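Throughout, read-outs are computed from the coordinates displayed, never taken from laboratory work. Note that the coordinates shown come from a computational prediction; the quantities given were computed from them, not determined experimentally. Positions of Cβ are backbone-derived with ideal geometry, glycine not excepted, and every protein chain shown enters the neighbour counts.
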Amino acid sequence: MLLTKTLAEIIERAARKAQKKGDLPKFPLPEVVVSRPRQADKGDLSSALALQIVRPVNNALKEQGKERLSPIQIAEIIKRRIADNPYIGRLEVAPPGFMNIWLSPEWVAEQAGAIVEQGPAYFKENIGQGKKVQVEFVSANPTGPLHFGGARNAAIGDTLARLLENSGYEVQREYYVNDRGAQVDTFAETLWRRYQQLHGVEVDIPEKGYPGAYMIDYARAIQAEHGDSLLDLPREEAIPRFRELGLKLVLDELDRDLAMMQVHFDNWFSEQSLYEDGTFERVSAILREQGDLYVKDGAVWFAASKYLPKDDRDEVFIRANGEPGYYASDIAYHYNKFVVRGFDWVIDVWAVDHQNQARRMPAMMKALGLDPDRLTIVLYDLVTLKRGGKEVKISKRSGDIITMREVLEEVGSDAARYFLLSHSNEARIDFDIDLAVAQSSENPVYYIQYAHARVSSILRKAAAEGLDAADADLHLLTHPTEQALIQKMLQLPEVVVEAVDRLAPHHLPHFALDLAKTFTQFYGACRVISTDPADADLTRARLKLVEATKTTLAYILHLMGMTAPEVM
């Protein structure tokens, strides 16, 4: 249930009724917004509608020859027309014209039971209405293990997919495999030469090849399966063969490593397929017929500036050597996404160093006759690993890149996902390995998961003593910390809606930590299980509140792709 939306609708109906009854002049009302004030003495929620409409109200009154109304008078008029409802316990008009709302404590208490009864459905808003959306993320070049920096892409992309799935969208997760072009050819040749070296052939890896120790591991894997049977292949056969074998090794490894982080893809899309199935030729023909391609310096260019501000530049479509440019594959790929596969909305998660490319993606959409708003590029900044306050640049294990797998094996998936999500996408992250593995209240991951383990422990203890929350009188939940805990849970739908609207998953970890802290405050102030028969009704009510807390904590952890431990 989205409480802010429900209360906004109540206030809007009251304002329209005031217009209908002649208390206020008739004019189109703006969108009514209800928000949470920062100061507790200003209510649980508040609306500034009276301040928003004071000008059109008084303009209309002036035309009618009537006296002006102040924002406070307008707010009082609307207040009088608010129909009876279970949500509002008290509503006060405050200068300069706010309507401050205190929720009904009885209704708030009842929501503990509603959360338990409905489960995660209580928190879900059907924003997507079945809209078909694709989230394409990670998509690192398949030329080696995934660097830990790519783990941030994985955390953001997968969490966005979870948020969208739980908000009424039909979601597909996709990994775009760059299995065509010079980079993958260089990778194949490096692998071939490493394989030769394992058999005593004296060859060097190619210039600009991949010197990492992982290439030797890949070569050993091929040697273990094929022995020396590939040793005598001529180069024109060796490169495509080692490309095929190497890509399979890398993609299998990526799949395993991403699974460690609870990330799974619905589709692994091959760039090469765009050229094999005729997609690239179809797109080229469309652009050529529209006059969007031209020749300069022996290359074919896409006239991106035709669709963008004049200070932007065009993009190479086909290089002078006849090979398609990077942007050409992007155009063909997104033609496939929107035109061939029919996604309503596509979200690409890219590193911040692709920001110039992202700025020119609307030109591609316009050239294909597509609404640029159907494509969203989510950019994220870099991650710096730190241990003991110092930056970690080199892998302890291999001396090469620091892989995602290496960090996950040390800190675990839950800690990695939490810390990678805890900053806005645009912010650079210092990932503190020492904090991520700490089992103390200083570690927010430990703190949140310990809260879930504690509520689980309380419920186990109650069950062992033959206690349950059946027929609980929830109106007994009047203690300030009880009310605060339920009200905190009621905010989750708003947090999810904001995270979806802004594609900003960092709101989730902050809410989860606040919820865990609010539970700890309740737990410190209120004894849940009492052996005094006089407290039996209160015990049942508080057990229902603990059940609701468990449901909420488990759901927010699920949205972040984290586990909800029963014991710690």
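Structure notes:
- Count Lys and Arg as plus one, Asp and Glu as minus one, and take only other residues whose Cβ is under 12 Å from that of Pro142; the net charge is then -3.
- Rounded to the nearest 20, the size of the Cβ-charge dipole of the chain about its Cα centre is 2280 debye, with Lys and Arg at +1 and Asp and Glu at -1.
- Here the chain carries DSSP beta bridges of which approximately 50% are antiparallel, counting only pairs with both residues inside.
- Label-to-label distance, Ile529 versus Val340, with points set 7 angstrom from Cα along the beta-carbon direction: 5.9 nm.
- Between helix 492-502 and the chain: long-axis angle, C-alpha atoms, 0 to 90°, nearest 10: 40 degrees
- Projected over every direction and averaged, the convex hull enclosing the alpha-carbon atoms of the range 1-147 yields 14.7 nm².
- Hull-based mean projected area of the chain, where the convex hull spans the alpha carbons, in square nanometres: 34.8 nm²
- Per-residue extension of 0.36 nm, minus the Cα-Cα distance of Ala320 and Lys17, leaves a gain of 102.1 nm for this segment.
- The length gained by stretching the chain between Arg460 and Glu225 to full extension, at 0.36 nm per residue less their Cα-Cα distance, is 79.5 nm.
- Sorted by Cβ neighbour density within 10 Å, fewest at the top, the residues Ile448, Ile377: Ile377, Ile448
- In this simple spin-label approximation, Glu276 and Ala427 carry label points 7 Å from Cα along the Cα→Cβ vector, and these lie 4.4 nm apart.
- Estimated FRET transfer efficiency (Lys79, Leu379; beta-carbon r; R0 41 Å; 0.05): 0.35
- Helix 71-80 axis, angle to the chain major axis (alpha carbon atoms, nearest 10°): 70 degrees
- Leu233 versus Trp102: modelled label distance in nm, points set 7 Å from Cα along the beta carbon direction: 7.7 nm
- Footprinting exposure proxy for Arg80, Arg173 (fewest neighbouring C-beta atoms within 10 Å first): Arg80, Arg173
- Going from the residue with the fewest nearby Cβ atoms within 10 Å to the one with the most, Thr4, Thr539 rank Thr4, Thr539.
- Using alpha-carbon coordinates, inclination of helix 105-118 to the longest axis of the chain, degrees: 40 degrees
- Available extension along the chain between Tyr294 and Leu61 is 77.7 nm, counting 0.36 nm per residue and deducting the alpha carbon span.
- Each 10 Å bin from zero holds the following percent of Cα-Cα pairs in the range 100-174: 17, 28, 24, 19, 9, 3.
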